[in-house]
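The structure under discussion appears below in the form of structure tokens.
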Amino acid sequence: MSPPQATTTTEGAGSLSRRQTAFMVAALVASVISFQLNATMLAPAIRDINTELGPGAYAQMSTYFYLSGAIANVVFIRWSDYIGRKRVLLGIMVVLCIGTLLCVLSTSLPVVVVGRILQGGCNVTFGLAFLILRERLSGQAFGLCCGVIASVNGGVAGVDALLGGVMVDLWGYRSIFVLILVVGVAAIAFGLKAVPADDPGRAASGRMDWVGAALIASTVAGINLFLAQGGRSGWVSPVALGFVTAAIVALVALVVVEKRITHPLVDIDQMRSRYAWPVIVVIVLCLASFTMAIAYIIPSLAEEDDIGFGTSAEMTALLFLTPAAVAQLISAPLVGRLAMRIGFVTVLRAGLMAAVPITALLAIFAFERNVVIALVPLLGLAFGGVAGTAIAVLGVMQSPKDEPGSLPGLSNAAFGVGSSLGFAWAGPIVGQGTVSGFHSALWVSVAIGVVALGVSFILKPRPAEELAPLVNASPPGPQEPTPSRL
């Protein structure tokens with residue numbers, strides 16, 4: 001039986017007026033920006049952070065930042081099924097502000113790392129935003145608004161990276177955290193006013209599976225810490241082996257526990273299907289490949305004084321970060337609308353098929369400054385605008401209707417795992433500061449991207465009848481088409 005129709009003043013927006021929809025989307029964008037500034041605005045500050053806090057400080061901070069986001073996603077997005085999206089969204093934003101204060105005030109790397117861990121939890125804003133949109137909008141309105149949210153994923157129109165470069169050159173990297181704190185406080189106030197109150201009728205039955213949450217958090221943490229430690233001290237070092245062993249034990253225990261309870265955090269049978277696990281694998285591989293190329297390898301090459309381009313933080317942002325973010329900002333909303341017609345999986349494959357050869361060209365012409373400048377926005381369009389929009393939304397689009405928060409939590413956690421994996425392999429190679437090192441790093445990105453493309457053809461779009469229903473929304477627009485058998 002289809003959900004009841006509601007009168008609306010804008011396409012696909014259930015009981016919300018056009019004005020209410022616009023304010024809701026703006027509030028969600030503000031919360032997402034609070035996270036994204038943490039993820040992208042510090043890129044021009046790599047040299048400044050490593051100089052003040054010690055060699056490798058930026059990579060270490062980033063590792064724990066994304067680790068925190070991975071754990072928060074698998075726990076808090078699923079928890080929002082039980083206590084409400086808005087409550088979790090506002091709570092995590094408060095934690096963000098506390099962590100940002102620590103980063104502003106501290107000059108000690110361990111304290112800054114704690115602050116980054118607290119900040120990393122706001123990674124859940126992406127998953128929560130897409131779930132809220134899915135529950136309030138439908139059809140082309142949903143696709144367009146998802147594209148708007150996804151466009152922030154590569155940076156705030158590139159202005160954040162450019163502004164970050166200027167701020168680092170003038171006042172140092174802590175000034176960036178001051179700005180993040182201001183945006184975070186504003187996002188909390190905006191969210192209180194503009195995000196609709198949670199509907200009690202949407203709450204999941206049963207209770208939150210905290211045992212499963214602890215086990216999956218241990219699994220994700222063990223994997224991330226193994227990647228981080230292995231990259232620094234060796235993959236067979238006692239500490240690294242201890243982390244991966246703990247992750248394996250936790251994973252085995254998770255499978256045993258989840259099969260025995262009524263309301264598991266993770267439905268193991270669902271995760272084994274082609275609807276679910278390829279989503280997670282593709283996201284991990286994309287973050288470990290294309291994101292590393294755009295946000296870490298190329299900026300590091302640009303700022304390298306001896307063999308690189310020797311650009312300042314401001315010029316690095318202007319020439320090598322902003323163009324990719326602008327390309328994503330412009331294209332993502334249009335790609336979101338298109339994906340509602342032809343399918344998000346189809347869009348994903350198209351974006352990856354374009355991103356792989358572009359990254360290969362970057363590897364070939366890595367030290368040709370003008371060629372790199374020309375290729376960066378193309379990669380921003382192919383990966384960020386096209387494939388990036390798809391992977392941002394697929395966790396929601398592929399979720400089973402009875403557990404809408406399960407797959408988004410895991411898929412968003414995959415962003416953190418992929419980033420940690422990326423820094424684990426790219427950090428030591430880029431840290432060599434050699435011509436062969438930068439070439440090798442970009443070719444590794446290409447190789448991982450090829451694997452991601454292959455896995456995308458295993459992914460099977462979930463049929464419309466198995467998707468989470470749109471409560472209080474008008475009839476949905478075209479759903480993901482079912483592909484022919486591979």
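The values are calculated or read from the model by the stated rules, or taken from the named source; none is laboratory data. Since this is a predicted model, take the numbers as computed values, not measurements. Glycine also receives a Cβ, built like all others from the backbone with ideal geometry; neighbour counts cover every protein chain displayed.
List of remarks:
- Any hit, region 269-288, residues being crowded, with 21+ Cβ neighbours inside 10 Å and touching a strand residue (DSSP E or B) at 6+ places or on another chain (Cβ under 9 Å): yes
- Residue check for residue 351: assigned to a helix (DSSP H, G or I), within 21 Å of the chain's Cα centre (by Cα) and free of Cβ contacts under 8 Å to residues at least 40 places away in the same chain: yes
- Meets criteria (at pLDDT below 80 and assigned to a helix (DSSP H, G or I)) for residue 143: no
- Of 418, 433, 449, all but one fail to be assigned to a loop (DSSP other than H, G, I, E, B) and out of contact with any Gly (no Cβ under 6 Å at 6 or more places or on another chain); the exception is 433.
- Of all residues assigned to region 377-389, at least one qualifies as being assigned to a helix (DSSP H, G or I) and closer than 19 Å to residue 128 by Cβ.
- From the list 201, 231, 191, the one residue that fits, being in a helix (DSSP H, G or I), in the same structural domain as residue 131 (by TED's automatic domain parsing), modelled with pLDDT under 85 and not polar (S, T, N, Q), is 201.
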